[in-house]
Amino acid sequence: MIELQHIFKWYNVGGTKTFVLKDINLRIEQGEFISIMGPSGSGKSTLLHILGNLDTPDEGSYLFLEEDVYALKSRKRAELFQSRVGFVFQSYHLIDELTVYENIETPLIYKNISSSERRAIVGDMLDRFGIVGKKDLFPNQLSGGQQQIVGIARALAGSPNLILADEPTGNLNSQQGEDVMKLFKQLNEEGVTIVQVTHSEKNAEYGNRIINLLDGQLKKD
Amino acid sequence: MLENYLKIMYRNLWRYKAYSLLNILGLSIGLASTFLIFLWVQHERSYDQFHDKAAQTYRLTSGISKDFVAATTPPPIGQEMASKIPAIKDHLRLTHRVDHLFEHDGKKFEEKEGFYADSNFLSFFSFTVLKGDPSTALQNPDVILLTEKMANKYFGSTDVVGKTLIRDNKNPVTVSAVLANIPSNSHLQFDYILPISAIKDNDWKYPSQDWGNFIYYTYFQLDEQLTPTADALSKVTEEIMREYKTHTDGVIAKTQFKLQPLSDIHLHSQNFQVDVAVHGHYLYVNTLSLVGLFILIVACINFMNLSTARSARRAREVGLRKVVGADRKQLITQFLGESLLITSLSVIIALAIAILALPAFGGLIGKSISISLFSPEMAGYLVTIVIFTSLFSGSYPAIYLSSFKPLLVLKGILTSQRSGHRVFRNGLVVVQFVVSIFLLVGTIVIYKQLEFIKNRDNGFDRSNLLYVHMTGDIWGKQQTWKNALAENQLTSNFTITDALPSNLGSGTIDYWYEGKDPSSELVVPMMDVDADFISVFGMELLAGRTFSKLFTDSTSYMINESMAAVMGLSPEEAVGKPFAVWSKKGTIVGVVKDFNFKPVSQSVGPLMLQYNEWGGMAVIRTQPGKLEATLAAVEAVNTKLNPNYPFNYGFFDEELTRLYESEQRLSKLFALFAGLGIFISCLGLYGLSAFMAEQRFKEIGIRKVLGSSTIGIVTLLTKSFIGLLIVAIIVAIPISWYGAVQWLNGFAYRIEMGIWIATLASAIALIIALLTVGYESLKAALMNPTRSLRDD
Ligand SMILES: Nc1ncnc2c1ncn2[C@@H]1O[C@H](COP(=O)(O)OP(=O)(O)OP(=O)(O)O)[C@@H](O)[C@H]1O
Ligand SMILES: [Mg+2]
C-alpha cells in the first residue's frame, strides 16, 4: 500500500541543513498495524505527516496505492488521499467554532453522504466513544483527553482505509487508552491499515510491527 | 453542508460580536452615505432630461465680452432666427420671473413664481398637463396656466379649467390648463404661466422690436437630423450672429451668441447675468461624487481589512477542512458565499439607514428626493457593490488561505510569518487615511472660505437692513409713502433704490465719458438710488457729494472708485467731469468707495449710480433691537396706503446669505461625510488594532511576566500604526493641497491655502487614530498576563 524510498527532510536553520528525516525506506502492506516509536524530536510526527500528504519531503519518492504521489498534480494528489486517510493529530486540532457533533460530521459533508446517513454515522461514533452527552459542547468545553477522543472519532467517521494516528492516547487515562487500542485492533482486523506513533511499549504491542526512529533514521530491530 | 457553513459563519460572527458589528456597521454606514450622495448626484445630473425633446433643445445665451455673458436675449431674435435658419425648428420665449397678485373668493396672495411665455410653451416643453387642452391653452391673452399646487391653493381642487382669478386687483384671467407640480429637477420652477400676448405695450417686458434690449430667455429646438457636434452648433450660432448684425450696429452688433444645451443649464450656468434661477454647480456635484466614491472606498477597505483579519483567525479551520477532505472548490464556495451573505446583509442595513435618513438628508440639500429601489441604476449599483466587496473580502480566505499546505496553517506559520497580506492590509490602512485627511482638509478649507465670505468687508454695513418693494397703489402714492416712512423715527432712516447690491446682473455699454475708446466692450452695471443711499448703507464717499434733494440731480451721476480707474482718473479728478448714459448728458458729482454688488465668485468692477426719481424699493436701516416695532410701523403704513396688497418684506442680510446657499450646503455635506469617513476609518483601525493585540496576546503576556512596562507594551503595539499614518500624511498633503487650491480658484476673493490647514487636518487624523489604537493597546497592556498564558 505504502512505499517510501530515500525520503529526506531537512530544515535550513542558520544556514546549515538540519536533517529531520534521513534516507527513510519503508514498505507498509495493506492490513498492517504499525507502531512508530522513538525519542522526542526524532521525526515521528514529520514522517506521519508525509505519509498523510500533509507535508512533503525534500527528497525521495512515495508510492501510495501503486501511484507515484509526487508525480501527481496537487489536485489529483489531494483526491487520492482525501477519502482514504483518517488523521489523528498529536494536538487534536478540532475546529473551535463547531460542536463535538459537527466536528465529527465535517469529513462526511465533503463526501456526498446524505444527511440521514451522516446522522447515523456520527451517532454511532458518539456511542462507540461514550461521548453522546458531550455532543453539543464546543472543544474549549472539553478536557484534553475528551478532545483527543473527538479527534479520533472524527478520523474514523469517514471510514478511511488508512488511519494515521499521532500519539492518539497521549492524553488518555490507561482505561481509555486501552479502549482506543482495542478499537484500533478491531478495525485492523476488519481490514483497515493503521500507523500509530506512540511512546508506550504496551500500546505499541497492539501493532504487528514496530518501527524505531532515531535522529531521523530507521533503526531495524 | 450549507447548514454547516451557515452555522460556523453565524458562530464566528457571534463569537467576535463587537468585531462583526464594527465590520457590518462600518460597511452599512459607508454604503448608506454613498447611496445618499449618489441619489443627490443623480438628481442633479437629471435636470431637464424629462422633456421629450431635451436632446434637441438649447437656450440662446449672449455675451458682450468674456466677462459679461447673459442668459437673456432680445425679444425679436427667436422668431427671426427660427424663420431664417433652417436648422432651427422651433423657438420659445420666456420673460423674467414676474410677480403678480391673484385673488379668488377672498383668497389673495402675491405670487412670485411666474413667467410669461409664448403660446407653444406646452408643446415645446413636456410638463405634464392634468386638465385642459395643451394645444390651445395659451392661445388667448386672458388665460393662465396653473400648477397643481397653485390650483389647490386657490380653489382646493385641480378641476378648475374655465374658472377665473383676479390678477392685480383688476384683470380677470381664466384658468386654461392645470399642470402637474413641476419636477424638482427642472431648471424652470414656476407656479403659473401667463401668455406673452397679455403684456401691454407700455410694460418694459413688452416684446418690442428692440434688438438691443436683452430681456427675454430664448429657447430653440434644432433639427433632429442635426448631429450636435461642436462644429455643427457653432455653424448655427454663426448664422445667428450674421443675421443679428443686420439688425444692429455699434458694439452691440458684436454680441456673441451661444447655444447652451438644455441639460447643461442646471450645472453649467456659472457666470450668466440675469439667469432664471439659482443653479447647481458641476464642480460641487463632481466634488461630492468624489467624496461619495471616497467613502465607498473607505468603507469597502474597512470591511475587507476587518474580514481578512478575521479570516486569518480561521486559517486553522481552512487547514483542518482540507485535512478531513475538503477540496479547494468547496472552501472557495464556503468563504465567498459567507462574504457574499455578510455583504448583502450590510447592503440591506445600508438601504434601511438610507431610507430613514432621507428626510434629514433632504433638509440638508434643500430638496426632497426619493429612493427608487427598483430602478435599474440602483439595482446595478447595489449588485456591483455586493459583488466587488464580497469578492474582495472573501477571496483572501477563499483563495489565498486554501492554497496553503494544511500543515503550515495548522502550525500557525502562515499567520505569524507570511507578511504578504500584512503589507496589503497596511496599504489599505494608508489609503483609508489618505482619503480621511483629504476630506478633513476639504472641510476646513470650505469652512474657512465661508467664514471669509461672511466676514468680508462689503464696503457697507449689511446688518439690520430691511427692504420693502413698492407694490400696487404705492406706485401712485410714492411721495405720501415716503413721507409716512420719514415721519416715524423707527423707519425714517431709509433710502429708495431700484435694486439691492447683492447680485447686480445686467448693465450697459451705452455710457460715455471724455476719451472713452469707442470699441470698448466693458459692460457697466447701473443702480438708481436716491440721496440717502450712501448714508443708509454706510458706504464711504471718496470725493464730491452724494445725490441731494437740494440739487436738481436728474442729470447727475455718481461712480465708484473702479469706474474712475477705468476712466484713468483719481476720485477727486473724476468729480465734475461730463458723463452720459443712454445719451442722457450730465456730470459726475461724487465718487463712492468700491462696495460689493456681486457674489464673491466675481470681482467687483466699475459701477454707475444715477438719481432715482421713479421708485423701486425702500431699504430701511432698523435700530438695533427694534426690528419688531419697525416692521409693524412699515406694515401699518403699507396697509393704509395699499390695502389691496399683502405686505411683503425681506432682510438684506438673508438675501446675501442666500447667494452662498450652495456653498453652505457643500460645507455641511462635506463636514458630514468627512466625519463619517473618519469614523469608518477609525472603526477599521480599532478592529485592526484589536486584532493585532489579540494575535500578540501571548507575546504581550510573556513580556509582562518578564517585566516589561505598560508604556513599553503600548509603544510596541502602536509603533507600526504611527508609521502607517505618517506615510498617509505624506501622501495626503499634496493631493488635498491641490484639490483645495483648485476649489478656491473658483472664487475671485478667497483665503490663502496655508500649511496650517494641512497640518491641522493631519494632526486631527493622527490624534483620533492614536486614541483609537492606543485604547486597544492599553487594554492589552493592562491585562492580567496569566490569562494569556493559561492554556496553549
Ligand atoms: N519548521 C521547522 N524548522 C526547523 N526545525 C523543525 C521545524 N519543524 C520541525 N522541526 C524539527 O524537526 C524535528 C522532528 O520533529 P517532529 O515533530 O517530527 O518530532 P517528533 O518525533 O514527533 O517529537 P515528539 O515525540 O515530541 O512529538 C524536531 O527536532 C524539530 O525541531
Ligand atoms: Mg510528534
What is the distance, in nm, between label points placed 7 Å from the Cα along the Cα-to-Cβ direction at B:THR227 and at B:LEU760?
-> 5.2 nm
Enter the angle in degrees (range 0 to 90, nearest 10) between the Cα long axis of helix B:710-744 and the first principal axis of the Cα atoms of chain B, meaning the one along which they spread out most.
-> 30 degrees
Among B:GLU103, A:GLU97, B:GLU752, what is the fewest-to-most ranking by other Cβ atoms within 10 Å?
-> B:GLU752, B:GLU103, A:GLU97
What distance in nm separates the simple spin-label points at A:ARG128 and A:LYS17, each placed 7 Å from Cα in the Cβ direction?
-> 4.2 nm
May I ask for the angle, rounded to the nearest 10°, between helix B:17-45 and the longest principal axis of chain B, with both axes built from Cα atoms and the value confined to 0 to 90°?
-> 20 degrees
Packing-based ranking, highest mean first, of A:54-60, B:334-340 given that Cβ atoms within 10 Å are counted = B:334-340, A:54-60
In whole Å, largest first, what are the principal axis extents of the Cα atoms in the stretch B:57-273?
-> 53, 37, 30
May I have the count of lysine pairs in the stretch B:467-622 with C-alpha atoms under 29 Å apart, counting pairs 8 or more residues apart or located on different chains?
-> 24
Neighbour net charge for A:ARG75 - beta-carbon separation under 9 angstrom, K R +1, D E -1 = +2
For B:VAL160, other-chain or 5+-apart residues with amide H closer than 5 Å (H placed, Pro excluded) are none
May I ask for the angle, rounded to the nearest 10°, between helix B:478-487 and the longest principal axis of chain B, with both axes built from Cα atoms and the value confined to 0 to 90°?
-> 60 degrees
If Lys and Arg each add +1 and Asp and Glu each add -1, what is the summed charge of the other residues whose beta carbon sits under 10 Å from the beta carbon of B:ASP528?
-> -3
Taking neighbour counts of Cβ atoms within 10 Å as a proxy for exposure, in what order, fewest first, do B:SER562, B:SER689 appear?
-> B:SER562, B:SER689
Scan of chain B for trypsin sites (Lys or Arg not before Pro) in DSSP loops with at most 11 other beta-carbon atoms within 10 Å gives a longest site-free stretch of B:201-548
For the stretch A:43-102, what is the convex hull (Cα atoms) projected area averaged across all directions, in square nanometres?
-> 5.4 nm²
Provide the FRET efficiency to the nearest 0.05 for the B:PHE424-B:TYR447 pair, computing r from the beta carbons and using R0 = 30 Å.
-> 0.25
With the contact rule set at Cα under 8 Å and sequence spacing of 6 or more, what percent relative contact order holds for the stretch B:57-273?
-> 34 percent
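Just to confirm a number: summing +1 for Lys and Arg and -1 for Asp and Glu over residues other than B:VAL445 whose beta-carbon lies under 13 angstrom from that of B:VAL445, what do you get?
Its environment carries a net charge of -1.
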Taking the radius of gyration and the Kirkwood hydrodynamic radius from Cα positions alone, what is the Rg/Rh ratio for chain A, to two decimal places?
-> 0.97
Across 10 Å bins from 0, what is the distribution of all Cα-Cα pair distances for chain B, in whole percents?
-> 2, 11, 17, 19, 17, 12, 9, 7, 4, 1, 0
What residues have an amide H closer than 5 Å to that of A:VAL20, excluding those fewer than 5 places away on the same chain, when H is modeled at 1.01 Å from N in the peptide plane?
-> A:LYS9, A:TRP10, A:TYR11
Which of B:THR630, B:GLY427, B:TYR660 sits farthest toward the positive end of the charge dipole of chain B, with +1 on the Cβ of Lys and Arg and -1 on the Cβ of Asp and Glu?
-> B:GLY427
Taking every pair of alpha-carbon atoms in the protein assembly as shown, what share in percent sits in each 10 Å bin, from 0 to the bin with the longest distance?
-> 2, 9, 13, 16, 14, 10, 8, 8, 7, 6, 4, 2, 0, 0
Can you run phi through the Karplus equation (6.51, -1.76, 1.60; θ = phi - 60°) for the stretch A:119-136 and list ³J(HN,Hα) in whole Hz, with x for Gly and Pro?
-> 4, 4, 5, 4, x, 4, 5, 4, 5, 4, 9, x, 10, 4, x, 9, 5, 9
Would you please name the chymotrypsin sites (Phe, Trp or Tyr not before Pro) within the stretch B:593-623 that are DSSP coil residues with at most 12 other C-beta atoms within 10 Å of their C-beta?
-> B:TRP614
Pick out, from B:PHE190, B:GLY162, B:GLN225, the residue whose Cα sits farthest towards the positive end of the charge dipole of the stretch B:57-273, with +1 on the Cβ of Lys and Arg and -1 on the Cβ of Asp and Glu.
-> B:PHE190
Taking the Cα centre of the stretch B:57-273 as the origin, how large is its charge dipole in debye, to the nearest 20, when only Lys and Arg (+1) and Asp and Glu (-1) carry charge on their Cβ atoms?
-> 200 debye
Mean separation of Cα contacts under 8 Å, 6 or more apart, over the residue count of chain B: relative contact order % = 15 percent
In terms of modelled amide H atoms, which long-range or inter-chain residues lie less than 5 Å from the amide H of B:ALA177?
-> B:ILE144, B:LEU146
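Find, among the trypsin sites (Lys or Arg not before Pro) in the stretch A:36-101, those assigned to loop by DSSP (not H, G, I, E, B) with at most 16 other beta-carbon atoms within 10 angstrom.
A:LYS73
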Tell me, in nm to one decimal, what length is gained between B:PHE50 and B:SER535 on full extension, where the rule is 0.36 nm per residue of separation less the Cα-Cα distance?
-> 169.6 nm
Dipole magnitude of the stretch B:676-792 about its Cα centre (Cβ charges: Lys, Arg +1; Asp, Glu -1), debye to nearest 20 = 260 debye
If each residue's Cβ is checked for other Cβ atoms within 10 Å, how do B:ASP133, A:ASP179 rank with the fewest at the top?
-> B:ASP133, A:ASP179
Derived scalar couplings ³J(HN,Hα) [the stretch B:136-147; Karplus, 6.51 cos²θ - 1.76 cosθ + 1.60; whole Hz; x for Gly, Pro] = 10, 4, 10, 5, 8, x, 9, 10, 8, 9, 10, 8
Find how much the distance from B:ASP203 to B:LYS454 grows on full extension, using 0.36 nm per residue of separation minus their present alpha carbon separation; answer in nm with one decimal.
-> 86.6 nm
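Applying 1/(1 + (r/R0)^6) with R0 = 35 Å to the Cβ-Cβ distance of A:MET1 and A:SER115, what FRET efficiency is obtained, to the nearest 0.05?
The value I calculate is 0.65.
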Hz values of 3J(HN,Hα) by residue in the stretch A:77-82 - Karplus curve (6.51, -1.76, 1.60), Gly and Pro given as x | 4, 4, 4, 4, 8, 2
Relative to the present Cα-Cα distance, how much length would full extension add between B:SER123 and B:ARG15 at 0.36 nm per residue of separation?
-> 32.4 nm
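Readers should treat all values here as calculations from the given coordinates under stated rules, not as data from a laboratory. Predicted model, so just to flag it, every value in this text is computed and none were measured. Positions of Cβ are generated from backbone atoms using ideal geometry, with glycine treated the same way; all protein chains shown enter the neighbour counts.
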